[in-house]
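Inspection log for the structure reproduced underneath, given as C-alpha cells.
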Amino acid sequence: MKRVAPIDQRKADHIRINLEEDVRSGLTTGLEHYAFVHEALPELDLEAVDLTVSLFGKKLAAPILVSSMTGGTAEGGEINRRLAEAAQECGVAMGVGSQRAALEDPAQVPTFSIARKVAPDILLFANLGAVQLNYGYTINHCRRAVDMLQADALILHLNPLQEAVQAGGNTNFAGLAKKIEGISKKLEVPVIAKEVGWGISERTAKILAECGVAAIDVAGAGGTSWSQVEMHRAPDEFTRQLAATFVGWGIPTADSILNVKKAAPDMTIFASGGLKDGLDIAKCIALGATLGGMAGQFLKAAAVSTEKAVEMMKLTKKQIEVAMFAAEVGTLEGLALRLQGVSKC
C-alpha cells in the first residue's frame, strides 16, 4: 500500500517544493502570441490611468488576485498573514489555500482566519476542493469555510489530474456537477469554480455556467504544474513516473479564457496560470478576464516579508498602468481594443 501523507505534511511539502524545485509546465500560457499596439504619442496622462474594478460588492484598486496558495501549517499561516497584510495595503483580492485541513483539525483554523483579521477590507475568497463533495462534504462544510474567513465568495477548486497522480488521491469526480450546482444555488455567497493549472475547456465552461457559478478561474497551463509538484513528493518510483508523464498536459491560459468567453459569454473570468507580471494580467483582461491572478511571485516575496509582498504587488500594479499608458488606454475596458495577435512562428 502506498504511503499517504497527512494533510499538514502535504501542505508543508507543497510550500517547500514550490519554493525550491522547478515545477513549471512543459507548455506556455499562449499569452506570448498577443501584444498591445504601442502608441508613441498617447493623448493620456499616466496619472489618470484607472485600474479600479468592482466585484462582489467590493472595490479593488487594481485587477490583481493573489491566487489561492496555502494555510494549514504554521508556515502557511505566516505566509497568509503577510499576503493579506500586503493585499490590504494594495487594495487587491486574495484567496487562501484549501481549508480542508482546518475543517478536519480546528487547531489549523488560525492559519486561514488570520487573513481577514489583518485585512478587514479586501475581497477574500474561501477555498475547498470540489471533489470533497463526493467524499462527505456538504453545504455546511462550505458555510464553515466561508465563515472561518468571513469570506466574500467560495472557491471550489477542480484538480482531477493532481488527485489522479498522487498517492491516495480523491479520484471520484462522478456526478460532481450536480453537487456544485446545489452549492451554487444554496450558498449565501458567490461560488467560483477554479482549475489549479490545467485550464478550462469549452465543455467544462458550459457545464459550470449551467451549474450557476458566479465566476470561473481558468488557471490554465503554462505556470506551475501540480503534477510536477506531486512528482517531487512521490513516495515511490511508480508514482514519480506517473506524475512526470503529464508535464506537458493542459489547456494554455490564453486558450482557456477564450474557451470560457465562447461557451459562456456573460461569465466573470479570473485568469491565472503562468502569469509572470502585470503585462500578462493586462493581456488577460484584454482577452476577457476581470482579474488576473498570480501565485509564485507573491509566494516567494511573502516568504521573505510583508514588505517584499507589498513591493511585488505595487510593481505588478505599475506594470499594468504603464502597459495601458503606452497603449493609450485609460480604463480597463479599453484594453481589448488595443490587443493584437502576433505570429506564432
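The values are calculated or read from the model by the stated rules, or taken from the named source; none is laboratory data. Being a predicted model, the structure only gives us computed values, none of them experimental. Neighbour counts run over all protein chains shown; Cβ positions are idealised from the backbone, glycine included.
When you scan region 128-143, do you find a residue that is touching an Asp or Glu at 6+ places or on another chain (Cβ under 9 Å) and within 27 Å of Glu230 (Cβ to Cβ), even just one? Explain how you work it out, then say what you get.
First, pick out the residues of region 128-143 that are touching an Asp or Glu at 6+ places or on another chain (Cβ under 9 Å): 129, 131, 143.
The next check asks that each one be within 27 Å of Glu230 (Cβ to Cβ); those that pass are 129, 131.
Checked region 128-143: at least one residue is touching an Asp or Glu at 6+ places or on another chain (Cβ under 9 Å) and within 27 Å of Glu230 (Cβ to Cβ).
What number of residues within region 56-87 are among the basic types (Lys, Arg), in contact (Cβ under 8 Å) with a residue 60 or more places away in the chain and either under 19 Å from Ile281 (Cβ atoms) or out of contact with any helix residue (DSSP H, G or I) (no Cβ under 7 Å at 6 or more places or on another chain) (or both)?
Count: 1.
Can you name the number of the only condition in (1) in contact with an Asp or Glu (Cβ under 9 Å, 6 or more places away or on another chain); (2) assigned to a loop (DSSP other than H, G, I, E, B); (3) surrounded by 19 or more Cβ atoms within 10 Å (Cβ to Cβ); (4) modelled with pLDDT under 95 that Arg3 fails?
If we test Arg3 against (1) in contact with an Asp or Glu (Cβ under 9 Å, 6 or more places away or on another chain); (2) assigned to a loop (DSSP other than H, G, I, E, B); (3) surrounded by 19 or more Cβ atoms within 10 Å (Cβ to Cβ); (4) modelled with pLDDT under 95, just (3) comes out false.
Consider Thr239 carefully, then state whether it is among the polar types (S, T, N, Q), within 20 Å of Lys194 (Cβ to Cβ) and in contact (Cβ under 8 Å) with a residue 60 or more places away in the chain.
Numbers: among the polar types (S, T, N, Q): yes; within 20 Å of Lys194 (Cβ to Cβ): no; in contact (Cβ under 8 Å) with a residue 60 or more places away in the chain: yes.
Here the answer is no, as Thr239 does not meet what is asked.
So Ala215 passes all but one of these: (1) among the hydrophobic types (A, V, I, L, M, F, W, C); (2) touching a helix residue (DSSP H, G or I) at 6+ places or on another chain (Cβ under 8 Å); (3) closer than 22 Å to Ala126 by Cβ. Which condition number does it fail?
Checking Ala215 against (1) among the hydrophobic types (A, V, I, L, M, F, W, C); (2) touching a helix residue (DSSP H, G or I) at 6+ places or on another chain (Cβ under 8 Å); (3) closer than 22 Å to Ala126 by Cβ, the one that fails is (2).
If Thr204 satisfies all but one of (1) part of a helix (DSSP H, G or I); (2) touching a Leu at 6+ places or on another chain (Cβ under 7 Å); (3) of a type in the set (Val, Ile, Thr), what's the number of the condition it fails?
(2)
Results for (1) under 21 Å from Phe246 (Cα atoms); (2) over 20 Å from the mean Cα position of the chain (by Cα); (3) among the small types (Gly, Ala, Ser), shown as yes or no for each residue.
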site: Ile114; (1), (2), (3): no, no, no
site: Ala119; (1), (2), (3): no, no, yes
site: Gly136; (1), (2), (3): no, yes, yes
site: His157; (1), (2), (3): yes, no, no
site: Gln166; (1), (2), (3): yes, yes, no
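Show the residue pairs meeting these rules: Cβ distance below 6 Å; 6+ apart or different chains; first residue within region 112-129 and free of Cβ contacts under 8 Å to residues at least 60 places away in the same chain; second residue surrounded by fewer than 24 Cβ atoms within 10 Å (Cβ to Cβ) and among the acidic types (Asp, Glu).
From residues that are free of Cβ contacts under 8 Å to residues at least 60 places away in the same chain, the pairs are Val118/Glu85; Leu124/Asp152.
How do the pairs read when you match residues in region 199-211 that are closer than 18 Å to Gly182 by Cβ and touching a residue at least 24 places away in the same chain (Cβ under 8 Å) with residues anywhere that are among the charged types (D, E, K, R) and in a helix (DSSP H, G or I), using Cβ under 7 Å and keeping only pairs 6 or more apart or on different chains?
Partner pairs satisfying both residue conditions: Cys211/Glu181.
Keeping to region 162-217, report how many residues are buried (at least 18 other Cβ atoms within 10 Å of the Cβ) and hydroxyl-bearing (Ser, Thr, Tyr).
2
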